[in-house]
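The block underneath contains the structure these notes are about, expressed in structure tokens.
The values are calculated or read from the model by the stated rules, or taken from the named source; none is laboratory data. Fair warning: this is a prediction, and the values are worked out from it, not measured in the lab. Cβ coordinates were reconstructed from backbone atoms using ideal geometry, including for glycine residues, and neighbour counts include every protein chain displayed. SASA here: full protein model, heavy atoms, side chains in, ligands and nucleic acids out. Shrake-Rupley method; radii C 1.70, N 1.55, O 1.52, S 1.80 Å.
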Amino acid sequence: MILAKVNPVGYTQSKEILKGLNEPQKQAVTHMNGPLLILAGAGSGKTTVLTRRVAYLISQGVNPWSILAITFTNKAANELKSRIQAILGERAAGIWAMTFHAACLRILRTEYPAIGKPGRFSIMDSQDQIRIMRQVLKEMNLSEKQYNPSSILRSISSAKDKLWGPGTLAKEASSFYETKVAQAYVLYQRRLAELNGMDFDDLIMQAVLLLKGNGQIREKYQDKFRHILVDEYQDTNRAQYELTKILAASHKNLAVVGDDDQSIYKFRGADLRNILDFEKDYPSCKVVKLEENYRSTQVILDGAYHVVSKNYFRKDKRLWTSRKGGSPIVVSISRDQNEEAQFVAEEILRLSATRPLGSIAALYRTHAQSRNLEDAFMRVGIPYTIVGGLRFYERKEIKDAISYLRLIAYPRDYISLERIINEPPRGLGPVSVRRIIDYADEKGLSITEALCRASEIPRLTRPGKKAAEELGAILKDVSEVENMPTHEIMAVILENTGYRRRLLNKDSRENESRLENLEELLVSMRLSTSKGETLYDYLENQALASAQDMYDEDKDACVMMSLHAAKGLEFDVVFIAGMEEGLLPHARSIGDANQIEEERRLCYVGMTRAKELLYLTLAAYRETYYGTNLTGISRFIKEIPEDLLELHTLAWDEL
């Protein structure tokens, strides 16, 4: 198939697109054909380069439908799309600007029916996965104390990141435990198939296997995507690497943007070699370094450079800015973690007199560190928001409501049935629920149909049959109304099942909060409907949302989050708490050179979030489960030249 070109926008438009770019940015934007590696340092305008590059390609006659731009969060994808539309207007329609998971989901939804597989399947979240794994362990007669469901799921996720099926994992097993994990992998996938479901890792793995195994489909997408752009390439795992490699195989028009110094997700399967070896994979590639920083002061950049430059596995680059000088980096050493948290809180309170609270962030290595900070913030009256804590869609009442919807959208989703069968209580225990599920499977019925025919199910009590049939009738009624908006379906379910009434009848602050959350859920569904989205669209968008997508930049509250969650964000003022040996770098990394390099990159990411002021805080003594321990100052602080620092409280040599 030959793709028709759109009419070039012309020289004037191209000149406008390049306006305001520095020379390396122009080189990255105007490179037309062949592989391109853009080494984009923190705050160097990579989103601007990505946006302008897409716009420039279209201005040169490239069809928008032939461009695939992949990012890691929905937030980043939406920003990319909105910026492109601001430049090109309607000409931007048709561009695939989305996350890896969303792109693979679209491919699977489109192509699966052609090969005899259902195009509609449910996406299991982490809680669903744990429920399934517990069933698997029960089937295998394994104790959850010895075989932790979350640990086994992490092992399976790691295998899928490498495109390993259960057979490969079994061959790689070197212990009895690993052999059992491989066996659990087999049963886990079988359960997913019964549910007609996939987990997040399946979305990418199955898309790669589909493209590898079906030449016609592979050629279709290779021909469709004539230009591929990948953001945050340093965070890609093996499966994502293979996906982009397959799609770009015929034309090699692959432009990757990333920074090896910001590779901090090894624990999620990110492979630093993907960006370090890009020039080996594509020997003809053009390399462009973006080293001019538009975010931080030179003092912050120099301090961060002296930390990350100690790493062996990195590409040489050094950020600079026209904003010379800047305030020194404050190092505050407190007596204990409570005093450290109090210092942070009081300093934020002082700074809030001249700047919005939302422009200030408190970052930490582990989530456990947030408690002391929260206590201190509450004492001095600082509003705060935690990013990466309990997400809106993870709250119990929201999970319950979504599970009702999933039963309508995905007829075999018995995991959702198990969640809501007694929400509100219906007197149906685990054995009764299992009989309903088995009956549906035996008769080839959907869950809703099985509920409606509960009177035919042997060994169900009379009250149980009645309760099941009533629930089935509610689900059947809303599912049979053609084109019923998602928010109306939800409102009917909440009312007719008695879920909302039960919360109203129990007068408490907690239930009041839950009702408010359900109202907010209905608002989000109404907005989804107004955009023309279906029930399936809503469920997919909700399933693909990340913690960063939930972050509200306009909220006037100090932001608290882990260093891992902070990547991609920026703040006027940044506090990094717990700058101690054993916290940053983390105790688990000490003694492992590769892990220390990852911790150093994590510190670098945290430091380069700051625009104007950077605080590094630590405690001389820290309470642990085993008692009070004397800490040690982080080696990363010691790597920063003293002339860039301003020391507070205890003397330098006391730690």
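Taking the listed residues THR110, THR48, the one that is free of Cβ contacts under 8 Å to residues at least 60 places away in the same chain, open to solvent by 10 Å² or more (accessible area, probe 1.4 Å), under 22 Å from MET205 (Cβ atoms) and of a type in the set (S, T, N, Q) is THR110, with no other qualifying. The residues of segment 392-407 that are at pLDDT below 90 and among the aliphatic types (A, V, I, L, M) amount to a single one, ILE398.
Against the test of being in contact with a strand residue (DSSP E or B) (Cβ under 8 Å, 6 or more places away or on another chain) and within 30 Å of THR73 (Cβ to Cβ), the options GLY197, GLY165 yield a single qualifying residue, GLY197.
When each of ILE246, ILE300, ILE264, ILE217 is tested for being of a type in the set (A, V, I, L, M, F, W, C), more than 22 Å from the chain's Cα centre (by Cα) and closer than 27 Å to ALA565 by Cβ, the lone residue that passes is ILE300. A single member of TYR265, TYR233 is among the aromatic types (Phe, Trp, Tyr) and in contact with an Asp or Glu (Cβ under 7 Å, 6 or more places away or on another chain), and it is TYR265. Taken over segment 596-642, the residue count meeting the criterion of being free of Cβ contacts under 8 Å to residues at least 40 places away in the same chain and either more than 19 Å from GLN337 (Cα to Cα) or among the small types (Gly, Ala, Ser) (or both) is 5. Check whether at least one residue in segment 90-103 is over 28 Å from SER122 (Cβ atoms), assigned to a helix (DSSP H, G or I), modelled with pLDDT under 85 and open to solvent by less than 30 Å² (accessible area, probe 1.4 Å), and report yes or no. For segment 90-103, residues over 28 Å from SER122 (Cβ atoms), assigned to a helix (DSSP H, G or I), modelled with pLDDT under 85 and open to solvent by less than 30 Å² (accessible area, probe 1.4 Å): present. Within segment 638-645, the presence of a residue that is over 26 Å from ALA353 (Cβ atoms), open to solvent by 30 Å² or more (accessible area, probe 1.4 Å) and at pLDDT below 90 is excluded. Do we find a residue being open to solvent by 30 Å² or more (accessible area, probe 1.4 Å), at pLDDT below 95 and not hydroxyl-bearing (Ser, Thr, Tyr) anywhere in segment 257-267? Yes, that holds for at least one residue. Of all residues in segment 428-476, count the ones that are open to solvent by 70 Å² or more (accessible area, probe 1.4 Å) and outside any helix (DSSP H, G or I). The qualifying residues number 4. Any residue at all in segment 525-543 that's farther than 30 Å from ALA102 by Cβ and either more than 23 Å from the chain's Cα centre (by Cα) or open to solvent by 70 Å² or more (accessible area, probe 1.4 Å) (or both)? Within segment 525-543 (the criterion being farther than 30 Å from ALA102 by Cβ and either more than 23 Å from the chain's Cα centre (by Cα) or open to solvent by 70 Å² or more (accessible area, probe 1.4 Å) (or both)), the answer is no, since none of the residues qualifies.
Consider segment 26-50 and keep the residues that are of a type in the set (Val, Ile, Thr) and in a helix (DSSP H, G or I). The one that is modelled with the lowest pLDDT is THR47.
When LEU187, LEU229, LEU209 are checked against the criterion of being under 29 Å from THR47 (Cα atoms) and at pLDDT 95 or above, LEU229 stands alone in meeting it. Filter segment 277-298 down to the residues that are surrounded by fewer than 20 Cβ atoms within 10 Å (Cβ to Cβ) and either among the aliphatic types (A, V, I, L, M) or without any contact (Cβ under 8 Å) to a residue 12 or more places away in the chain (or both), then identify the one that is nearest to ILE596 (Cα to Cα). Taking the candidates together, the pick is ASP277. Filtered by the rule that a residue be part of a loop (DSSP other than H, G, I, E, B), at pLDDT 95 or above and either surrounded by fewer than 24 Cβ atoms within 10 Å (Cβ to Cβ) or not hydroxyl-bearing (Ser, Thr, Tyr) (or both), segment 604-620 gives a lone residue, ARG609. Checked against (1) over 24 Å from TYR538 (Cβ atoms); (2) within 36 Å of the chain's Cα centre (by Cα), VAL478 passes all but condition (1). For VAL481, the stated conditions do not hold, so it cannot be described as closer than 23 Å to ARG191 by Cα and either open to solvent by less than 60 Å² (accessible area, probe 1.4 Å) or hydrophobic (A, V, I, L, M, F, W, C) (or both). Filtering segment 356-391 to residues that are surrounded by 15 or more Cβ atoms within 10 Å (Cβ to Cβ), at pLDDT 90 or above and not hydrophobic (A, V, I, L, M, F, W, C) leaves GLY358, SER359, TYR364, ARG365.
Can you pull out every residue in segment 492-510 that is open to solvent by 40 Å² or more (accessible area, probe 1.4 Å) and part of a helix (DSSP H, G or I)? Within segment 492-510, VAL492, GLU495, ASN496, ARG500, ARG501, ARG502, LEU504, ASN505, ARG509, GLU510 qualify. ALA114 meets all of the listed conditions (1) among the small types (Gly, Ala, Ser); (2) under 20 Å from the mean Cα position of the chain (by Cα); (3) part of a helix (DSSP H, G or I); (4) closer than 25 Å to LEU209 by Cα but one, namely (2). Quick check on VAL186: is it over 23 Å from TYR265 (Cα atoms), part of a helix (DSSP H, G or I) and in contact with a Lys or Arg (Cβ under 7 Å, 6 or more places away or on another chain)? Spelling it out, it is not the case that VAL186 is over 23 Å from TYR265 (Cα atoms), part of a helix (DSSP H, G or I) and in contact with a Lys or Arg (Cβ under 7 Å, 6 or more places away or on another chain).
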